[in-house]
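The values are calculated or read from the model by the stated rules, or taken from the named source; none is laboratory data. All of these numbers come straight from a predicted model, not from anything done at the bench. Note: ideal-geometry Cβ built from the backbone for every residue, glycine included; neighbour counts use all protein chains shown. With ligands, DNA and RNA removed, areas are computed over all heavy atoms of the protein, side chains included. Shrake-Rupley method; radii C 1.70, N 1.55, O 1.52, S 1.80 Å.
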Amino acid sequence: MKLSVFPSSMETARSLIFHLVDIMNAEPDKTFNIAVSGGSTPALMFDLWANEYADITPWGRMKLYWVDERCVPPEDSDSNYGMMRSLLLGIVPIPYENVFRIRGEEKPVKEAARYSELVDRQVPKKNGWPEFDIVLLGAGEDGHTSSIFPGQEALLSSDQIYVTSIHPRNGQKRIAMTGFPILTARLVIFLITGKAKAEVVEEICHSGDTGPAAYIAHHAENVELFMDAGAAMYVRNG
């Protein structure tokens, strides 16, 4: 696990954008299958990407998928796709046919099955699972990632690519990428910022498999953490 710590959330987001562009530029003939997450932390990155770094990004060589989605229409303020569309996708010249959204407005179980089949067709396989080039994850204060919450660890070993889950506090239905496709990715990157996330970062770095985020961080083959100083405040050196 490689840790990268930056002074602020802005600098963390900027550094991650440059890192992603560098990865893509290192393989100039390749189209990258990238799965993204929603939430307030990547929103800053998407905004910066559209406004400051759109011109250095090879948009035509990116195919975008979602790690998870809230079961709401894209116009809803909770929609992960809707947020990324308004901040980034509606601004930059990424080909429409390279954006594969989860249809949060559809029936959750049916949509999880449809999206699983879509990813199964589109993304190359490794050991029977789709092998994304990059999976971008966040981590909640409760230790969840994707939309797999503590107490739902069985979803980490599901035999499906995507499944439905339920937010344990508000009951909102979600569609979530399961454990094996995340673990199979060529690179898993966590973007985590803010002092409120410091305890979950400490668990990821120094504890056992205490929650879904820690489990993924410990078991994926190639993991990087991009953090600001607040999130990394309990991380010990060495």
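One residue alone among Ser15, Ser86 is open to solvent by 20 Å² or more (accessible area, probe 1.4 Å), outside any loop (DSSP other than H, G, I, E, B) and touching a residue at least 24 places away in the same chain (Cβ under 8 Å), and that residue is Ser15. Looking at Thr178, Thr210, just one residue is of a type in the set (Val, Ile, Thr) and open to solvent by 30 Å² or more (accessible area, probe 1.4 Å), and that residue is Thr210. The single condition among (1) more than 25 Å from Ile175 (Cβ to Cβ); (2) over 18 Å from the mean Cα position of the chain (by Cα) that Ser77 does not satisfy is (1). Could you pull out the residue among Val92, Val72, Val109 that is part of a helix (DSSP H, G or I) and either modelled with pLDDT under 95 or of a type in the set (Val, Ile, Thr) (or both)? Going through Val92, Val72, Val109 in turn, just one is part of a helix (DSSP H, G or I) and either modelled with pLDDT under 95 or of a type in the set (Val, Ile, Thr) (or both): Val109. Any residue at all in segment 223-230 that's of a type in the set (Asp, Glu), in contact with a strand residue (DSSP E or B) (Cβ under 6 Å, 6 or more places away or on another chain) and either surrounded by fewer than 23 Cβ atoms within 10 Å (Cβ to Cβ) or in a loop (DSSP other than H, G, I, E, B) (or both)? Scanning segment 223-230, I find at least one residue that is of a type in the set (Asp, Glu), in contact with a strand residue (DSSP E or B) (Cβ under 6 Å, 6 or more places away or on another chain) and either surrounded by fewer than 23 Cβ atoms within 10 Å (Cβ to Cβ) or in a loop (DSSP other than H, G, I, E, B) (or both), so the answer is yes. For segment 131-175, filtering for residues that are open to solvent by less than 30 Å² (accessible area, probe 1.4 Å), within 16 Å of Asn80 (Cα to Cα), out of contact with any Ser or Thr (no Cβ under 7 Å at 6 or more places or on another chain) and touching a residue at least 40 places away in the same chain (Cβ under 8 Å) leaves 4.
Taken together, the criteria place Arg114 among residues that are in contact with an Asp or Glu (Cβ under 8 Å, 6 or more places away or on another chain) and not in a loop (DSSP other than H, G, I, E, B). Among the candidates Ala196, Ala139, the residue that is touching a Lys or Arg at 6+ places or on another chain (Cβ under 8 Å), closer than 25 Å to Met10 by Cβ and among the small types (Gly, Ala, Ser) is uniquely Ala139.
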